[in-house]
Amino acid sequence: MSLSAFLKSKGYADIRLLNGQTPRGMTDEEILGAVREFQPDLVGFTVHSILYYNACRLAGRIKEEAPSAKVVFGGPHLTEFAIEAASQPAVDFAVFGEGEYTLHEVDRGDGGQARLEDVAGLAFKKNGEIIKNPARTFPSLSTPCPCPTIPLRLPPGPHPLRRRRAHRDHDHQPGLPLPLHLLPA
């Protein structure tokens, strides 16, 4: 949600956030249906280590559905494994460290694009090689960052904010490696 809020503050007009980390998660078909409907230019995954291979599999299916969409992996797993992630066939870019400014530089909302070699915190493919740029420095604590927008109405069904009892991991299957950010064509 904070990434979406940041990108909206930089001029992205329409961002869809699919969160598969709810107790029931989203099925691949639901996600692929959203991709078909929205036809994004860019699909961003927040990748946790335990769900890395699931993310790679789903990214491949998204590339089949929307071959022109750029697939970006970011999140905790990429802090250590950006080169491995960038080497995956369906992954166009791997963002490591704080990804807000990196993602904005890769594909700005105004249609501009930076030279990939100049974007800190990015790993990508070039002529069959994986290039890993230097890490981005952390922004100053005084750097303003927009607050995430949180929906006022929760979707129907079980939701972590609605639960009154203790959360039990064993009563559901883990969600897909999301949030998944869809940026418009």
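The values are calculated or read from the model by the stated rules, or taken from the named source; none is laboratory data. Owing to the predicted nature of the structure, the values given are computational and were not obtained by experimental measurement. Don't worry about glycine lacking a Cβ; one is built from the backbone with ideal geometry, like all the others, and counts go over all protein chains shown.
If Q173 meets every condition in (1) in contact with a strand residue (DSSP E or B) (Cβ under 7 Å, 6 or more places away or on another chain); (2) modelled with pLDDT under 60; (3) part of a loop (DSSP other than H, G, I, E, B) apart from one, which number is that one? Condition (1) is where Q173 drops out.
Could you say whether any residue in segment 2-12 is over 18 Å from F96 (Cα atoms), charged (D, E, K, R), in a loop (DSSP other than H, G, I, E, B) and out of contact with any His (no Cβ under 7 Å at 6 or more places or on another chain)? For segment 2-12, residues over 18 Å from F96 (Cα atoms), charged (D, E, K, R), in a loop (DSSP other than H, G, I, E, B) and out of contact with any His (no Cβ under 7 Å at 6 or more places or on another chain): absent.
Condition check ((1) of a type outside the set (A, V, I, L, M, F, W, C); (2) under 14 Å from the mean Cα position of the chain (by Cα); (3) farther than 20 Å from A5 by Cβ; (4) at pLDDT 90 or above) across all residues:
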position: I62; (1), (2), (3), (4): no, yes, yes, yes
position: A94; (1), (2), (3), (4): no, yes, yes, yes
position: G111; (1), (2), (3), (4): yes, no, yes, no
position: L116; (1), (2), (3), (4): no, no, yes, no
position: A123; (1), (2), (3), (4): no, no, yes, yes
position: N127; (1), (2), (3), (4): yes, no, yes, yes
position: I131; (1), (2), (3), (4): no, no, yes, yes
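Scanning segment 76-92 for residues that are charged (D, E, K, R) and either within 12 Å of the chain's Cα centre (by Cα) or under 17 Å from L58 (Cβ atoms) (or both) yields E84, D92.
At least 2 residues being among the acidic types (D, E) and crowded, with 19+ Cβ neighbours inside 10 Å is the threshold, and among the helices (runs of 4 or more DSSP H) wholly inside segment 22-126 those reaching it are 100-106.
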